[in-house]
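Trainee: Mind looking over this structure? Questions follow.
The values are calculated or read from the model by the stated rules, or taken from the named source; none is laboratory data. What you see is a predicted model, and the numbers here were worked out from it, not measured in a lab. Glycine also receives a Cβ, built like all others from the backbone with ideal geometry; neighbour counts cover every protein chain displayed. In case anyone asks, the SASA skips ligands and DNA or RNA and just uses the protein heavy atoms, side chains included. Shrake-Rupley method; radii C 1.70, N 1.55, O 1.52, S 1.80 Å.
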Amino acid sequence: VEDKLQENVRQTLEILRNAGIKIWMLTGDKLETATCIAKSSKLIGREHDIYTFKTITTREDCLQELNMFRRKTDSCLIITGDTLQICLGFYESDLMELIIQCPAVVVCRCSPTQKANVVSLLKKYGQKRVRVCAIGDGGNDVSMIQAADVGVGIVGKEGKQASLAADFSINQFSYLSDLLLVHGRNSYKRSAALSQFVMHRGLIISVMQAVFSSIFYYASVALYQGFLLVGYGTIYTMFPVFSLVLDKDVHSEIALLYPELYKELSKGRSLSFKTFFLWVFISIYQGGAIMYGSFLLFDDDFIHVVSITFTSLILTELLMVALTIRTWHPLMIVAQLLSLSGYVISLIVFKSHFDPAFLQSFDFIWKVLIVTLASCLPLYILKFIQVKCAPPIQTKLQQYTSLK
């Protein structure tokens, strides 16, 4: 029975390899068949040697093979399931430390239970940042898919058992490049931006309350009334902040054309302690700039401090969302306008909480602009300098592609 490869399997494996993803093949085929498939599918690159683990039965044979394989640096490993099981019984940690460094591994004559065990061992002996994704198309892959961090099932001729047990279901193996390099990358970038911005949104208003209390000898007096706090977390800022899930730094074509962009994710630069403390510093600066700016510049208008500071706070959040966005989506613009319109309407409706005469005056407008510029303008200047002096790799690729 001829078992043909699906379309674009070779190109997909090459893209994933360039993206820094190590690929293992766990199959129930014979040794010769698995070796031919690994070569024909380009799972093993031309620049890599192949080391086939010999059949062993004793501890001495296992140690001898391990020493032989240790000398074969940067070689792909082909091993049978029975041999792997014996080696794991004698030298589990030594074997896993060796084969994890291999560019590619093929385990043939592998039972469903052994597939799941291999995935579990990868999770156990892999580095802290290693995540295991298991891809299968048959019922014998279900245990492996469930044991992995992420399971991907392919709907094939063998049925839908794998796709029903997996986290994600695709129709062809070639769709895996879109799933990881485009959707997976965007999901990571968007989740990182959204989580940190939600933290910034809550911390900045907390800093403002802390500054307000410290000025008045730490009196337990709320700066803003309850409806303003509720509105700040919902109507006034919710739509722009959550519109960040539509953001993307590069187009899908560029992400597939340059799979090395996916490799950058492993460095964790989008979500790290550095970015966390950076957003904390931004929140402290902006909260302090709004409150101290209002008190120092407009001490005579202390009665209007709520109107000035809260309006500046809303405008600061909208401007910070605009600063974070890399590719504008029409719904992002709609979200910004909805939030701003909602706040303007609340100023008109809640006349008992705001001074209508002061809101309509020119003093209110220019004072709000001064405080907002003090909190946002330095960050915009720093962002401009960073883009001009040290642009990120995706910006360079966008410009290069547009020039071509």
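Trainee: Go through segment 238-264 and count every residue that is farther than 14 Å from Thr395 by Cα and part of a loop (DSSP other than H, G, I, E, B).
Mentor: 2
Trainee: Next question. List every residue pair whose Cβ atoms lie under 7 Å apart, where the two residues are 6 or more positions apart in sequence or sit on different chains, the first residue falls within segment 328-354 and is more than 23 Å from Tyr224 (Cα to Cα) and not assigned by the TED database to the domain that holds Thr309, and the second residue, located anywhere, is open to solvent by 70 Å² or more (accessible area, probe 1.4 Å) and in a helix (DSSP H, G or I).
Mentor: As it stands, the answer is none, since no pair meets every condition given.
Trainee: Keeping to segment 338-350, report how many residues are open to solvent by 60 Å² or more (accessible area, probe 1.4 Å), in contact with a helix residue (DSSP H, G or I) (Cβ under 9 Å, 6 or more places away or on another chain) and within 12 Å of Ile314 (Cα to Cα).
Mentor: Here the count works out to 1.
Trainee: Every residue in segment 202-256 that is within 23 Å of His304 (Cα to Cα), touching a residue at least 40 places away in the same chain (Cβ under 8 Å) and not hydrophobic (A, V, I, L, M, F, W, C), please.
Mentor: Ser206, Tyr224, Gln225, Gly231, Tyr232, Tyr236, Thr237 - these are the residues of segment 202-256 that are within 23 Å of His304 (Cα to Cα), touching a residue at least 40 places away in the same chain (Cβ under 8 Å) and not hydrophobic (A, V, I, L, M, F, W, C).
Trainee: Checking the condition open to solvent by 80 Å² or more (accessible area, probe 1.4 Å) and either modelled with pLDDT under 90 or not hydroxyl-bearing (Ser, Thr, Tyr) (or both), which residue from Gln386, Gln398 passes?
Mentor: It is Gln386.
Trainee: Right, here's the next one. Please state which of the following conditions Ala192 fails to meet, knowing it meets all the rest: (1) modelled with pLDDT of 90 or more; (2) over 25 Å from Val150 (Cα atoms).
Mentor: Single failed check for Ala192: (2).
Trainee: Now, a different point. Collect the residues in segment 72-84 that are in contact with a strand residue (DSSP E or B) (Cβ under 7 Å, 6 or more places away or on another chain) and open to solvent by less than 60 Å² (accessible area, probe 1.4 Å), keeping them in residue-number order.
Mentor: Kept after step one, since they are in contact with a strand residue (DSSP E or B) (Cβ under 7 Å, 6 or more places away or on another chain), are these residues of segment 72-84: 72, 75-81, 84.
Ser75, Cys76, Leu77, Ile78, Ile79, Thr80, Gly81, Leu84 - these are the residues of segment 72-84 that are in contact with a strand residue (DSSP E or B) (Cβ under 7 Å, 6 or more places away or on another chain) and open to solvent by less than 60 Å² (accessible area, probe 1.4 Å).
Trainee: Now for a different question. For segment 71-86, name all the residues that are assigned to a loop (DSSP other than H, G, I, E, B) and more than 34 Å from the chain's Cα centre (by Cα).
Mentor: Kept after step one, since they are assigned to a loop (DSSP other than H, G, I, E, B), are these residues of segment 71-86: 72-74.
Listed by number, the list holds a single entry, Lys72.
Trainee: Another question, then. Out of the residues in segment 85-119 meeting the condition of being of a type in the set (A, V, I, L, M) and in contact with a Gly (Cβ under 7 Å, 6 or more places away or on another chain), tell me which one is least open to solvent (accessible area, probe 1.4 Å).
Mentor: So the first thing to find is which residues in segment 85-119 are of a type in the set (A, V, I, L, M), and the list is 86, 88, 95-96, 98-100, 104-107, 116, 118-119.
Of the ones still in play, those that are also in contact with a Gly (Cβ under 7 Å, 6 or more places away or on another chain) are 100, 107.
On the way: Ile100: 37, Val107: 3 Å².
So the residue we want is Val107.
Trainee: Additional query: Restricting attention to helices (runs of 4 or more DSSP H) lying wholly within segment 122-236, give those where 3 or more residues are surrounded by 14 or more Cβ atoms within 10 Å (Cβ to Cβ) and in the same structural domain as Val106 (by the TED database). Working first, answer last.
Mentor: Values: elements: 142-147, 161-165, 185-215, 226-233.
So the answer is 142-147, 161-165.
Trainee: Now for a different question. I'm trying to understand the selection: among the residues of segment 239-272, which are at pLDDT 90 or above and among the hydrophobic types (A, V, I, L, M, F, W, C)?
Mentor: Phe239, Val241, Phe242, Leu244, Val245, Leu246
Trainee: Looking for something among the β-branched types (Val, Ile, Thr) and either open to solvent by 80 Å² or more (accessible area, probe 1.4 Å) or outside the structural domain of Val321 (by the TED database) (or both) - is there at least one such residue anywhere in segment 243-266? I'd like the intermediate steps shown before the answer.
Mentor: Step one: of segment 243-266, the residues among the β-branched types (Val, Ile, Thr) are 245, 250, 254.
In the following step, the residues that additionally are either open to solvent by 80 Å² or more (accessible area, probe 1.4 Å) or outside the structural domain of Val321 (by the TED database) (or both) were identified as none.
The answer is no; no qualifying residue exists.
Every residue, every condition in (1) in contact with a strand residue (DSSP E or B) (Cβ under 7 Å, 6 or more places away or on another chain); (2) in a loop (DSSP other than H, G, I, E, B); (3) farther than 25 Å from Val130 by Cβ; (4) in contact (Cβ under 8 Å) with a residue 40 or more places away in the chain, yes or no:
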| position | (1), (2), (3), (4) |
| --- | --- |
| Ile15 | no, no, no, yes |
| Gly20 | no, yes, no, yes |
| Asp29 | yes, yes, yes, yes |
| Ala34 | yes, no, no, yes |
| Tyr51 | yes, no, no, no |
| Leu63 | no, no, yes, no |
| Leu66 | no, no, no, no |
| Phe69 | yes, no, no, no |
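Trainee: I'd like to check something: does segment 294-309 contain any residue that is in a helix (DSSP H, G or I), among the acidic types (Asp, Glu) and without any contact (Cβ under 8 Å) to a residue 24 or more places away in the chain?
Mentor: Step one: of segment 294-309, the residues in a helix (DSSP H, G or I) are 294-297, 299-309.
Subset that is among the acidic types (Asp, Glu): 299-301.
Still in the running and without any contact (Cβ under 8 Å) to a residue 24 or more places away in the chain: 299-300.
Checked against the condition, which is being in a helix (DSSP H, G or I), among the acidic types (Asp, Glu) and without any contact (Cβ under 8 Å) to a residue 24 or more places away in the chain, segment 294-309 yields at least one hit.
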